[in-house]
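Report on the structure given below.
The values are calculated or read from the model by the stated rules, or taken from the named source; none is laboratory data. Note that this is a predicted model, so its numbers are computed, not measured. SASA here: full protein model, heavy atoms, side chains in, ligands and nucleic acids out. Shrake-Rupley method; radii C 1.70, N 1.55, O 1.52, S 1.80 Å.
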Amino acid sequence: MSIAIDQPVQQKPLSFDEFLAHYGDDNRYELIDGEVFDLEPTGLHEEVAAFITTKLCVQIDVTNLPWFVLQRGLLRPSNIGTTAFRPDVAAIDRSELNNEPLWLDQSILTLSSSIKFVAEVVSSNWQNDYARKLEDYAVLGIPEYWIADYAGLGGTRHIGKPKQPTLSVCTLVNGEYEIQQFRGSQTIVSLTFPSLKLTAEQVLRAGR
């Protein structure tokens, strides 16, 4: 099975403005500490992200939340510097967008108050999802962060041994994430979407 490969694609560190000039129109790239990463999503990676998006859209609709699901937009709050994440799935609060300085011209969010939920589908560079993004999304104050490791790629200290497909649900408590992991037929518990009725397997196999 081919796996998405996240690799830096340039040697010279780029500023955020340089990144936008060269890669801003292509949603397969993100910027981490000045390094440009080519996300190269595989088909199954995209299926998992699309499945999560579909289910969240239903929840947003039935609960009449003023939110929508953004795919591949850039998250670039001002306290991150030369980093602009492009999460696979993000739930955005529409009522906050009037305060976003870049939104009318570009799909870029700069305020943590706009972002209610993010999900990352794990690729070969799993360290970013389990470490760097886990820390930064907590600092940004994002209430819930899912790590959908459909191929069991994460290190054993993150998903245990033997490694297996795992959905990690990270809930923000006092500025840090508390992590609960779900596998197989276990029902996912989400504080952001409490009416969600899904098993880990349904998400990690994209409903197959």
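Note that segment 175-190 has calculated 3J(HN,Hα) couplings of x, 10, 8, 9, 10, 10, 10, 10, 9, x, 8, 5, 7, 5, 10, 10 Hz, one per residue in order, obtained from phi through the Karplus relation 6.51 cos²θ - 1.76 cosθ + 1.60 (θ = phi - 60°); glycine and proline are x.
Out of every Cα pair in the chain, what percent are spaced more than 25 Å from each other?
In whole percent, the share of Cα-Cα pairs in the chain beyond 25 Å is 34.
Applying the Karplus relation 6.51 cos²θ - 1.76 cosθ + 1.60 with θ = phi - 60° to segment 102-118 yields 3J(HN,Hα) values of 10, 4, 5, 9, 8, 7, 10, 10, 10, 10, 5, 5, 7, 10, 9, 6, 9 Hz, where x marks Gly and Pro.
The helix-based estimate of mean residue ellipticity at 222 nm for the chain, built from -39,500 (n - 2.57) per DSSP H run of four or more residues and divided by its residue count, is -6000 deg cm²/dmol to the nearest 500. Using a 10 angstrom cutoff on alpha carbons, build the Gaussian network for the chain and name the most mobile of ARG157, ARG76, ARG86. Answer for the Gaussian network model of the chain: ARG157. Comparing LEU56, LEU31, LEU196 in a Gaussian network model of the chain, where Cα atoms under 10 Å apart are tied by springs, the biggest mean-square fluctuation is seen for LEU196.
Can you run phi through the Karplus equation (6.51, -1.76, 1.60; θ = phi - 60°) for segment 86-94 and list ³J(HN,Hα) in whole Hz, with x for Gly and Pro? So the Karplus estimates, Gly and Pro as x, are 10, x, 5, 9, 9, 9, 10, 7, 4 Hz. Taking amide H as placed 1.01 Å from N in the peptide plane, ASP88 has its amide H under 5 Å from the amide H of ALA119, VAL121, each at least 5 places away in sequence or on another chain. Remark: accessible surface ordering of LYS133, LYS12, LYS161 (largest first) is LYS161, LYS12, LYS133, probe radius 1.4 Å. Summarising the amide proton neighbourhood of ASP38: residues at separation of 5 or more, or on other chains, whose placed amide H is nearer than 5 Å comprise GLN7, VAL9. Volume per residue of the convex hull around the Cα atoms, evaluated for segment 89-151, comes out as 86 Å³.
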